1. Residue 44 versus (1) in contact with a strand residue (DSSP E or B) (Cβ under 6 Å, 6 or more places away or on another chain); (2) surrounded by 13 or more Cβ atoms within 10 Å (Cβ to Cβ); (3) closer than 17 Å to residue 81 by Cβ: which is the lone unmet condition?
2. Please find, among 55, 31, the residue that is closer than 15 Å to residue 2 by Cα and either free of Cβ contacts under 8 Å to residues at least 40 places away in the same chain or touching a strand residue (DSSP E or B) at 6+ places or on another chain (Cβ under 6 Å) (or both).
3. Only one residue in 82, 32 is at negative phi and touching a helix residue (DSSP H, G or I) at 6+ places or on another chain (Cβ under 8 Å), so which one is that?
4. Do you know which residues across the stretch 89-120 are without any contact (Cβ under 8 Å) to a residue 40 or more places away in the chain and within 14 Å of residue 71 (Cα to Cα)?
5. Could we say that residue 93 is farther than 13 Å from residue 2 by Cβ, more than 14 Å from the chain's Cα centre (by Cα) and exposed (fewer than 12 other Cβ atoms within 10 Å of the Cβ) here?
6. Can you tell me which residues in the stretch 66-86 are crowded, with 16+ Cβ neighbours inside 10 Å, under 18 Å from residue 12 (Cβ atoms) and under 13 Å from the mean Cα position of the chain (by Cα)?
């Protein structure tokens, strides 16, 4: 499982912003992420969500796990940036809401759980 903890900060640049003056290496990296997840991400998605999710999948494979998960732990009282996570989950055909995980089967058959956990600030 990979986690991404947030309060008020964004998920970084969109794919379009990340690809500005993209080198061949960046193009290759995006193709790898896209192929791993089996989606054709639109340019307004946040790159960090793709990267973190693929990291979870890669680590699950590395450790011989049957499933992968990527959960955003939000400490924002108003679930700031949830709409970016929601748009990301929609790429897999899933509607999400805080506190409810969704499960998706990746192209090679590995189950992937996506979730948004709302937490009070410490």
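Just so you know, all these numbers are worked out from the coordinates, no wet-lab data involved. Because the structure is a prediction, the values reported are computed rather than measured. Heads up, the Cβs are rebuilt from the backbone with ideal geometry, glycines too, and the neighbour counts pull from every protein chain shown.
1. (2)
2. Values: 31 fails: closer than 15 Å to residue 2 by Cα.
After ruling out the rest, the residue left standing is 55.
3. Every option except 32 fails the conditions.
4. Narrowing the stretch 89-120 to residues without any contact (Cβ under 8 Å) to a residue 40 or more places away in the chain: 89-90, 93-105, 108-109.
Once the filter is applied, which keeps residues that are without any contact (Cβ under 8 Å) to a residue 40 or more places away in the chain and within 14 Å of residue 71 (Cα to Cα), the stretch 89-120 yields 89, 96, 97, 98, 99, 100, 101, 102, 103, 104.
5. no
6. 70, 71, 72, 81, 82, 84, 85, 86
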